[in-house]
Each structure stands twice: as C-alpha cells, then as structure tokens.
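Before any comments, here is the structure.
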Amino acid sequence: MTLCCRKCIAGDAPYFGRCVQSRGANSRYFNLNHTYDGLGASESPHSPYYNWFNFTDFPAKYKSWWGVTDLPTVDKNNTDYQQFIYGPAGVIEQWTQRGVDGWRLDVADELPDFFIHGIRQRLDQYPQKVLIGEVWEDASHKIAYNQRAIIWLAACYMR
C-alpha cells in the first residue's frame, strides 16, 4: 500500500511532490523514445508541446536540467505550460479538487518567482492548502534568473 493510500485511509489527504522545471525525456510531452501515441516535442516542431522546450539543434540538442539529457527543461515563460501547471484546468487544480492538501516543489529555487506565485494563487482558491519548496542552499541571498529570488519569504507563498 502506498503512502498516499495509507494517508487517505487514515483521513488525511496526501501531499504531492512535483518537478515542474523539467520533464522526463521519455514523458508523453517530450517522447524521446517514441513510447506514446501522439507527437512529443522531440518528434516534431508541430507537436503541441514543442514550444514548452528549448531546442538548440532540433531534435538532438536541447536545454536540460544541469546538462542531464534525460531531463529536458521546460520554458516556464511559455503560457501554454503555465496553464498546464496552474491554469483553471491545470494539474494543480485537478489534483487539488481531488483532495490533495498540499504541494512540494522540487528545487523551487530554480523556478522563477512568478511561476511559484501562479501556483500559490491557484491554491489560494482553497482553504488551508500548503505549498512547500525544496531549496538546497541558503535562500536568503539566492540569485535566480538574474534577480534576487524571494522564495525565502514564506509569507509570500503560505497563507
């Protein structure tokens, strides 16, 4: 039995951990190994997910998390991706409606503040939902995306 199942049986809604800065190379969105039906970003510039990623030499070269090619990075400035994550019909909304009490963001210090704020705004529609961000270094003076990150100010994201 999984931890989520045990928590639900005990009457506690689960928390989900989510990596939103990258997708697996073999996810349906990138589909490097052609595992899924439909076009992934690595298969065609006509894929609905192509603009989520930054190709430097399609299809072989693309930006990835810390150079790990199994983890192509997602363009957090892409409005379609933003909607996919925290839009009205996005991942955050769908799972929160199903009873998830909170979200944990992997390496939140590598996400732009506006992206975290978008997730927080979506969660603010529900009472007592928690947003936790993983930070591996001293966040009080973190510079990300060429600006001082405000992730250490918990009041900005926790209500």
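Hey, can you tell me all the residues within the stretch 83-94 that are surrounded by 15 or more Cβ atoms within 10 Å (Cβ to Cβ) and either of a type in the set (S, T, Y) or more than 10 Å from the chain's Cα centre (by Cα) (or both)?
Y86, G87, G90, E93
So which residues in the stretch 86-135 are aromatic (F, W, Y) and more than 20 Å from V74 (Cα to Cα), if there are any at all? Steps first, please.
Let us first name the residues in the stretch 86-135 that are aromatic (F, W, Y), namely 86, 95, 103, 114-115, 126.
Across the stretch 86-135, the qualifying residues are W95, Y126.
Exactly one residue out of W52, W65 is modelled with pLDDT of 95 or more and under 24 Å from Q147 (Cα atoms): that is W52.
Yes or no, residue by residue, for (1) under 22 Å from R28 (Cβ atoms); (2) touching a strand residue (DSSP E or B) at 6+ places or on another chain (Cβ under 7 Å):
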site: F53; (1), (2): yes, yes
site: W66; (1), (2): no, no
site: D70; (1), (2): yes, no
site: V74; (1), (2): yes, yes
site: Y86; (1), (2): yes, no
site: A89; (1), (2): yes, no
site: D106; (1), (2): yes, yes
site: D113; (1), (2): no, no
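When P59 is tested against (1) more than 11 Å from the chain's Cα centre (by Cα); (2) in a helix (DSSP H, G or I); (3) surrounded by 15 or more Cβ atoms within 10 Å (Cβ to Cβ), exactly one condition is not met: (2).
Can you tell me which of I116, I85, I92 is at pLDDT 90 or above and out of contact with any Phe, Trp or Tyr (no Cβ under 7 Å at 6 or more places or on another chain)?
Every option except I85 fails the conditions.
The values are calculated or read from the model by the stated rules, or taken from the named source; none is laboratory data. Remember, predicted model here, so these are calculated numbers, not experimental data. Cβ coordinates were reconstructed from backbone atoms using ideal geometry, including for glycine residues, and neighbour counts include every protein chain displayed.
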